[in-house]
Amino acid sequence: METTLTNRTKAEEIIHLWDNYLTPNYAPSLCLSKGKGCKVWDTNNKFYLDFIAGIAVNSLGHAHPAICHAINKQSRKLMHVSNLYYTEPAAKLAKTLSEASLGGKVFFCNSGAEANEALFKLAKLAGTDQGRTDIITFSNSFHGRTLGGISATGQEKVKVGFEPLMDCFKHARFNQLDSVKELISGKTAAILVEPIQGEGGIHVATPEFMLGLRALCDEHKILLLVDEIQCGLGRTGKMFAYEHYGILPDAIALAKGLGGGFPIGALVTNEKYADCFQPGSHGTTFGGNPLACVAAQAVLDTIDNQKLCQNAEKLGNYLLEKLGHLKVKFPEIKEVRGKGLMLGIVFDRPCKDLERIMQRRGLLTLATAENVIRLLPPLVVNKSQVNKALSIFKKSCLEWKTYFEEGTV
Ligand SMILES: *Cc1c(COP(=O)(O)O)cnc(C)c1O
């Protein structure tokens with residue numbers, strides 16, 4: 001094997017290995033080695049304010065003592081036993097999740113895509129006797145990278161090269177109730193929606209739309225499924241994004257922020273659909289893994305006892321207001337939208353270069369849907385960190401503007 005790596009920096013060494021041995025489906029930039037709270041460090045010991053938080057995963061920031069302690073302690077007892085046996089962490093976590101949301105039962109899995117797959121299978125099982133097999137999803141949506149997930153996703157770019165996909169997904173227009181009415185038929189089993197579309201560029205569902213979907217589902221006796229994978233668990237200033245609308249879905253999918261960095265996903269049902277899955281109808285080896293469940297329990301307990309929903313709401317509103325002021329200064333900013341700490345700054349042009357400039361200046365964000373800068377800081381972020389991020393954002397915009405005004409970008 002390679003032994004002549006001595007003259008390389010640590011980062012070069014890692015990048016060399018990565019590029020040679022990992023499938024090239026990602027395009028990573030920095031080489032990160034540690035984190036604490038809202039900060040991460042690269043292998044050269046340069047630090048960054050992390051305003052993307054593992055894409056809404058590190059809800060408590062990095063190396064939060066509650067998560068570290070929970071994982072450490074549990075790892076010395078049982079790390080894994082399979083679903084052949086009862087374990088306390090999964091039982092307790094399911095109770096917490098059910099009581100915090102829909103009051104039904106929980107299925108644990110390991111990722112967002114798997115949580116959505118569970119939603120699809122739940123809806124199909126529930127509709128099977130009436131021949132209801134189809135699921136309506138929306139333009140611009142994102143539901144994961146499995147074959148079911150990309151079939152459900154309303155963006156062509158994720159499907160290229162993978163056809164034929166599942167034809168049970170029908171795509172309506174987001175925020176356009178009439179387009180949903182047109183698609184509903186005797187074969188429709190469910191409607192699946194993100195209250196705030198994340199990957200699609202931070203598009204917020206209107207109250208009329210969400211209330212309308214609930215009413216349509218009641219009228220046709222079909223399931224309203226809500227993908228809370230990115231917008232759930234405190235991110236938008238409420239525990240779940242559907243709470244902003246005063247409606248209750250029939251089932252939700254959770255993942256990302258649930259484990260605060262430890263992989264775990266979940267489906268939560270209401271009482272009506274709590275017993276659809278029977279022994280043998282669905283499963284996954286790692287689901288309900290004790291380490292994952294104690295990490296998620298620590299996240300939920302901390303969101304509650306540190307009042308992190310309130311923090312997300314307060315600092316989200318503050319960010320939105322300050323970004324609104326910057327919009328006046330920079331005509332390139334078309335709109336600032338989102339809720340809580342799930343915000344998008346919409347530009348009149350592609351903004352990948354701005355993301356790179358901010359990164360060089362010590363702020364991690366993510367350009368999405370070409371011309372949107374997405375901000376998803378940890379829920380534990382404080383005001384001085386938000387101010388620091390705003391200052392880097394402003395300086396970076398000025399630098400970016402100079403570039404394109406001089407025609408160098
Ligand atoms: C990230 C995401 C998924 C997929 O989750 P994975 O853990 O990557 O499989 C699904 N839906 C939404 C809304 C997401 O943001």
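The values are calculated or read from the model by the stated rules, or taken from the named source; none is laboratory data. Computed from a predicted structure; not experimentally measured. Note: ideal-geometry Cβ built from the backbone for every residue, glycine included; neighbour counts use all protein chains shown. What goes into the accessible areas is simple: the full protein's heavy atoms, side chains included, and nothing from ligands, DNA or RNA. Shrake-Rupley method; radii C 1.70, N 1.55, O 1.52, S 1.80 Å.
With the condition kept exactly as written, say whether any residue in region 314-321 is away from the ligand (no atom under 16 Å from the Cβ) and within 16 Å of the chain's Cα centre (by Cα).
The answer is no, given that none of the residues of region 314-321 is away from the ligand (no atom under 16 Å from the Cβ) and within 16 Å of the chain's Cα centre (by Cα).
Looking at (1) among the small types (Gly, Ala, Ser); (2) out of contact with any Gly (no Cβ under 7 Å at 6 or more places or on another chain); (3) more than 21 Å from residue 194 (Cα to Cα); (4) away from the ligand (no atom under 16 Å from the Cβ), which one does residue 246 not meet, given that it meets all the others?
Here residue 246 meets the rest and fails (3).
Answer with yes or no whether residue 302 is open to solvent by less than 30 Å² (accessible area, probe 1.4 Å), among the hydroxyl-bearing types (Ser, Thr, Tyr) and farther than 22 Å from residue 201 by Cα.
In short, yes.
Residue 211 passes all but one of (1) surrounded by fewer than 20 Cβ atoms within 10 Å (Cβ to Cβ); (2) within 16 Å of the ligand (Cβ to nearest atom); which number fails?
Only one criterion in (1) surrounded by fewer than 20 Cβ atoms within 10 Å (Cβ to Cβ); (2) within 16 Å of the ligand (Cβ to nearest atom) is unmet by residue 211, namely (2).
Only one of these is more than 14 Å from residue 52 (Cα to Cα), at pLDDT 95 or above and assigned to a helix (DSSP H, G or I): 324, 338. Name it.
Details: 338 fails: assigned to a helix (DSSP H, G or I).
After applying the criteria, what remains is 324.
Using the structure shown, decide if residue 328 is within 16 Å of the ligand (Cβ to nearest atom) and not acidic (Asp, Glu).
For residue 328, the condition - within 16 Å of the ligand (Cβ to nearest atom) and not acidic (Asp, Glu) - is not met.
Which of the residues that make up region 261-274 are open to solvent by 10 Å² or more (accessible area, probe 1.4 Å) and either closer than 24 Å to residue 55 by Cα or within 10 Å of the ligand (Cβ to nearest atom) (or both)?
Selection gives 261, 262, 263.
Please list, ordered by first then second residue, the pairs with beta carbon atoms under 7 Å, 6 or more apart or interchain, first in region 224-247 and without any contact (Cβ under 8 Å) to a residue 40 or more places away in the chain, second more than 10 Å from the ligand (Cβ to nearest atom) and of a type in the set (S, T, N, Q).
The qualifying pairs do not exist here.
What about residue 254, is it free of Cβ contacts under 8 Å to residues at least 40 places away in the same chain, within 16 Å of the ligand (Cβ to nearest atom) and either surrounded by 20 or more Cβ atoms within 10 Å (Cβ to Cβ) or farther than 30 Å from residue 66 by Cα (or both)? Let's see the steps before the verdict.
On the way: free of Cβ contacts under 8 Å to residues at least 40 places away in the same chain: no; within 16 Å of the ligand (Cβ to nearest atom): yes; either surrounded by 20 or more Cβ atoms within 10 Å (Cβ to Cβ) or farther than 30 Å from residue 66 by Cα (or both): yes.
It is false that residue 254 is free of Cβ contacts under 8 Å to residues at least 40 places away in the same chain, within 16 Å of the ligand (Cβ to nearest atom) and either surrounded by 20 or more Cβ atoms within 10 Å (Cβ to Cβ) or farther than 30 Å from residue 66 by Cα (or both).
Just for helices (runs of 4 or more DSSP H) wholly inside region 18-105: which have at least 1 residues that are hydroxyl-bearing (Ser, Thr, Tyr), farther than 26 Å from residue 230 by Cβ and modelled with pLDDT of 95 or more?
Passing ranges, in order: 65-75.
If the Cβ limit is 6 Å and pairs must be 6+ apart or interchain, which residue in region 132-149 that is more than 18 Å from residue 256 (Cα to Cα) pairs with which residue that is more than 11 Å from the ligand (Cβ to nearest atom) and part of a helix (DSSP H, G or I)?
Within 6 Å, the pairs are 135/123; 136/183; 148/120.
Filter region 139-158 down to the residues that are open to solvent by less than 20 Å² (accessible area, probe 1.4 Å) and over 19 Å from residue 179 (Cβ atoms) and list them by number.
144, 148, 149, 150, 158
Among the numbered criteria (1) more than 16 Å from the ligand (Cβ to nearest atom); (2) open to solvent by less than 20 Å² (accessible area, probe 1.4 Å); (3) under 30 Å from residue 390 (Cα atoms), which single criterion is violated by residue 47?
That leaves (2) as the condition not met.
For residue 161, state whether it is open to solvent by less than 10 Å² (accessible area, probe 1.4 Å) and free of Cβ contacts under 8 Å to residues at least 60 places away in the same chain.
No: the conditions fail for residue 161.
Just name the residue that is most open to solvent (accessible area, probe 1.4 Å) out of those in region 327-340 that are hydrophobic (A, V, I, L, M, F, W, C) and in contact with a helix residue (DSSP H, G or I) (Cβ under 6 Å, 6 or more places away or on another chain).
Restricting attention to region 327-340, the residues satisfying the condition of being hydrophobic (A, V, I, L, M, F, W, C) are 328, 330, 333, 336.
Filter once more, so that each one left must be in contact with a helix residue (DSSP H, G or I) (Cβ under 6 Å, 6 or more places away or on another chain): 330, 333, 336.
Values: 330: 10, 333: 8, 336: 30 Å².
Only one residue fits best here, namely 336.
For region 227-243, which positions are at positive phi and within 16 Å of the ligand (Cβ to nearest atom)?
Within region 227-243, 233, 234 qualify.
Just checking, how many residues over region 75-114 are surrounded by fewer than 22 Cβ atoms within 10 Å (Cβ to Cβ), polar (S, T, N, Q) and more than 16 Å from the ligand (Cβ to nearest atom)?
Matching residues across region 75-114 total 6.
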